[in-house]
């Protein structure tokens with residue numbers, strides 16, 4: 001009974017819920033009492049909304065709990081469960097008895113045919129010089145440096161393929177031939193790979209204007225030096241549910257001032273905050289873009305993703321943030337590469 005992994009006590013923290021969600025695979029935590037009676041639910045979306053509202057990982061999970069979740073009786077038929085999920089736009093329904101004791105959990109993936117492949121194109125940005133990883137990148141482009149037993153970019157590609165994405169653009173510049181020789185047309189992975197060849201550095205968004213034909217579905221764009229355990233279908237669902245034209249994945253970043261911060265009014269001290277911690281959301285280097293945003297990118301010169309998001313905001317587009325609570329690592333420096341090798345000695349997807 002794998003669904004039992006989703007059960008959490010009322011005194012759990014948000015961190016506990018995140019660990020439950022990530023380990024169980026059901027994208028939900030069922031809050032229960034000591035007799036396993038359902039008190040409420042906390043979905044992956046609830047967690048992300050809580051993080052955006054400023055709740056920390058050690059906050060009580062009960063602050064996120066839906067106390068009146070949709071439920072179904074234990075003998076509900078699959079067709080009825082699926083209809084209920086589609087009507088209420090949910091992916092999971094706890095199954096309970098007359099005493100509200102949890103006896104199962106229905107998930108939409110178990111009630112629908114498996115997706116053979118997703119139509120969304122994935123753009124992997126792999127044209128950087130990798131200067132901070134010199135001398136390793138003097139002859140080998142950063143995306144081809146090994147983490148475990150395979151190149152970093154191959155790990156990223158296989159993570160997407162594992163989630164049924166099959167259509168890829170890879171943006172290349174530095175040591176482009178080495179990347180193209182390694183990946184070819186993607187047939188080795190039963191995928192389609194095309195290349196966006198930058199004759200000059202075009203920035204983190206400029207290469208998108210090299211896409212030859214407008215895609216029909218939203219694009220996922222990701223830096224080619226990231227390791228993450230994000231469920232990309234969840235990201236696309238979030239983008240769609242929010243009515244977004246542009247979605248940026250963000251990470252919480254903490255910075256502690258190493259001194260006491262003095263609050264002054266003129267020359268009078270009003271308060272002293274000893275070594276305060278400031279929390280920010282920072283760009284995580286993963287995006288979802290509606291195809292129409294490519295038209296915002298100028299025909300020439302370098303253009304970065306932050307400029308594209310600012311242009312979308314200025315044009316009144318719906319621009320949203322998707323907070324990442326899953327594993328995420330930017331392999332940009334030697335310390336980061338060494339950490340990735342320690343975290344995944346046998347490879348990320350092993």
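The values are calculated or read from the model by the stated rules, or taken from the named source; none is laboratory data. Source: prediction; values computed, not measured. With ideal geometry, Cβ positions are generated from the backbone for all residues, glycine too; neighbour counts draw on all protein chains shown.
Every residue, every condition in (1) modelled with pLDDT under 95; (2) closer than 25 Å to residue 204 by Cα; (3) loosely packed, with under 14 Cβ neighbours inside 10 Å, yes or no:
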| residue | (1), (2), (3) |
| --- | --- |
| 257 | yes, no, yes |
| 264 | yes, no, yes |
| 268 | yes, no, yes |
| 287 | no, yes, no |
| 295 | yes, yes, yes |
| 321 | no, yes, no |
| 325 | yes, yes, no |
| 331 | yes, yes, no |
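Check the stretch 49-71 and report whether any residue there is surrounded by 15 or more Cβ atoms within 10 Å (Cβ to Cβ) and under 30 Å from residue 143 (Cβ atoms).
Scanning the stretch 49-71, I find at least one residue that is surrounded by 15 or more Cβ atoms within 10 Å (Cβ to Cβ) and under 30 Å from residue 143 (Cβ atoms), so the answer is yes.
Out of (1) without any contact (Cβ under 8 Å) to a residue 24 or more places away in the chain; (2) in contact with a strand residue (DSSP E or B) (Cβ under 6 Å, 6 or more places away or on another chain), the odd one out for residue 281 is which?
Just one mismatch for residue 281, condition (1).
Go through (1) surrounded by fewer than 21 Cβ atoms within 10 Å (Cβ to Cβ); (2) touching a helix residue (DSSP H, G or I) at 6+ places or on another chain (Cβ under 6 Å); (3) touching a residue at least 60 places away in the same chain (Cβ under 8 Å) for residue 161 and report which single condition fails.
With (1) surrounded by fewer than 21 Cβ atoms within 10 Å (Cβ to Cβ); (2) touching a helix residue (DSSP H, G or I) at 6+ places or on another chain (Cβ under 6 Å); (3) touching a residue at least 60 places away in the same chain (Cβ under 8 Å) applied to residue 161, the lone miss is (3).
Which condition number in (1) assigned by TED's automatic domain parsing to the domain that holds residue 223; (2) out of contact with any strand residue (DSSP E or B) (no Cβ under 9 Å at 6 or more places or on another chain); (3) at pLDDT 90 or above is the one that residue 122 fails?
Failing condition for residue 122: (2).
Go through 138, 67 for me and flag whichever is free of Cβ contacts under 8 Å to residues at least 24 places away in the same chain, more than 22 Å from the chain's Cα centre (by Cα) and either farther than 26 Å from residue 155 by Cα or in the same structural domain as residue 177 (by TED's automatic domain parsing) (or both).
138
So residue 56 passes all but one of these: (1) touching a residue at least 24 places away in the same chain (Cβ under 8 Å); (2) more than 27 Å from residue 321 (Cβ to Cβ). Which condition number does it fail?
Just one mismatch for residue 56, condition (2).
What are the residues in the stretch 6-20 that are without any contact (Cβ under 8 Å) to a residue 40 or more places away in the chain and part of a helix (DSSP H, G or I), if any?
Within the stretch 6-20, 19, 20 qualify.
Checking the condition in a loop (DSSP other than H, G, I, E, B) and within 25 Å of residue 181 (Cα to Cα), which residue from 58, 138 passes?
Selected residue: 138, the only one of 58, 138 that is in a loop (DSSP other than H, G, I, E, B) and within 25 Å of residue 181 (Cα to Cα).
Could you identify the single residue in 37, 48 that is at pLDDT 95 or above and in contact with a strand residue (DSSP E or B) (Cβ under 6 Å, 6 or more places away or on another chain)?
Residue meeting the stated conditions: 37.
Given (1) touching a strand residue (DSSP E or B) at 6+ places or on another chain (Cβ under 6 Å); (2) modelled with pLDDT under 95; (3) closer than 19 Å to residue 71 by Cβ, identify the lone condition not met by residue 32.
(2)
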